[in-house]
1. So how much slack lies between Phe325 and Tyr275, counting 0.36 nm per residue of separation and subtracting their Cα-Cα distance, in nm?
2. Counting other Cβ atoms within 10 Å, keep those with at most 13, restrict to DSSP loop, and tell me which trypsin sites (Lys or Arg not before Pro) in the stretch 145-235 are left.
3. Please sort 241-247, 204-210 by packing, taking for each peptide the average over its residues of neighbouring beta carbons within 10 angstrom, highest first.
4. Treat each spin label as a single point 7 Å out from the Cα along the C-beta direction, and report the Leu305 to Ile62 distance in nm.
5. Tell me the label-point distance for the pair Ile71, Gln256, using the 7 Å Cα-to-Cβ offset, in nm and rounded to one decimal.
6. Just reorder Thr34, Thr9 by solvent-accessible area, largest first, 1.4 Å probe, all chains present.
7. Provide the packing ranking of 322-331, 287-296, i.e. peptides ordered by the mean count of other C-beta atoms within 10 Å per residue, highest first.
8. Kindly state, to the nearest 0.05, the FRET efficiency for Leu168 paired with Val201, given R0 = 25 Å and r defined as their beta-carbon distance.
Amino acid sequence: MTGTGNNRTMGHLATGILVLAMLYFGQSIFVPLTFSLFIIALAWPMQAALQRRMPQLLALLITLSLTIIIIIAVGSSIAWGFTKLGQWLLVNAGRFQAIYADWTMWLDEHGIAVAGPLAERFDVNWLVRFTQGLALRLNSVAGFAVLVFIFVMLGLLEVEDFKARLRLPGAQPYGETILAANRDIGDKLRRFMVVRSFASVLTGLIVWGFALAAGLELAAAWGAIAFALNYIPFLGPLIATVFPTLFAIAQFESWQMAVIVFICLNLIQFVIGSYLEPLLTGASLAISPFAVIFAVFFWSFMWGLAGAFIGVPILIVFIVYCAQFPNSRWIATLLSGGAVDKFEGRG
């Protein structure tokens, strides 16, 4: 019996490794597919409400149009913000270089040996290349967007038929379980995105207002970047905090002002991300903070920036499905901080 159990465990482990390898090497297909399923879960209530009042294809056209407008608005805000920063960097590159040279000299005089190698790797040219590369990357997602659009269009047309197939006798008992899980997943993902969107808009407005009050240049760009990057837990707010701090160093040529900017931006992110968002989300989406951090970094490793964005929704889906079955409910309990009943369709 012990040997059989060990063999089964090794088989599950090997299967899991193969699935992860498939997701990694097949990311050109699986990333847009995952994003399309995520968008379908968010957009389906609108599609269902519209097609009760008009033809299905017309309802689909309206739903897709609104979805595309929202995605373009979010994507354009961060692309515009980083483009403005790249242009500002090119104009003010000399100022950055002089500051880095002064800091390197000061560190060398105080016997800090890492100053030289650090200055060689992290100079203004690297910062310009990084910012321009990021803006260019954000502007070159047309192929990805087209593939997601096709998947979403076909998926929205398929939802009703798929639900009907899950209710067939031949699909039981798993069909009804999957239906219940999918309904719960849709509710939780929509609640997650509503709260995240509200927090992102609020963060962008407050960062914009703070940048104006502090006299920081490109205040609108900082607000747009903070708004868009807030959709990526942990990594997004970190980037949205570090970049303004670096620019404050160059603009004000004062480490004291840079520290003030850094502290205030972190305080904004902390209050909204660690207090307001959990308060609005409630216990129905209670997830272990460690699980959230792991999901963001793991899917970032697997799928890059897209994985960082979609990591938490994938975690929510995983917890909901684990909560549906007795053998895996313990996993949902650990990941949800003990609030597993909230992930069983009663939240």
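1. Taking Phe325 through Tyr275 to full extension adds about 14.8 nm, to one decimal.
2. When the trypsin sites (Lys or Arg not before Pro) of the stretch 145-235 are filtered for loop state and at most 13 Cβ neighbours within 10 Å, Arg167 remain.
3. Packing proxy ranking, top to bottom: 241-247, 204-210.
4. Going by the 7 Å Cα→Cβ label model, 3.4 nm.
5. Using points 7 Å along Cα→Cβ, the separation is 4.9 nm.
6. From most accessible down to least: Thr9, Thr34.
7. So the peptides 322-331, 287-296, ranked by packing, come out 287-296, 322-331.
8. So the FRET efficiency works out to roughly 0.05.
The values are calculated or read from the model by the stated rules, or taken from the named source; none is laboratory data. All figures in this text were calculated on a predicted structure; none of them were measured in a lab. Note that each Cβ is placed from the backbone with ideal geometry, even for glycine, and that neighbours are counted across all protein chains shown. These accessible areas exclude ligands, DNA and RNA; they are computed on the full protein's heavy atoms, side chains included. Shrake-Rupley method; radii C 1.70, N 1.55, O 1.52, S 1.80 Å.
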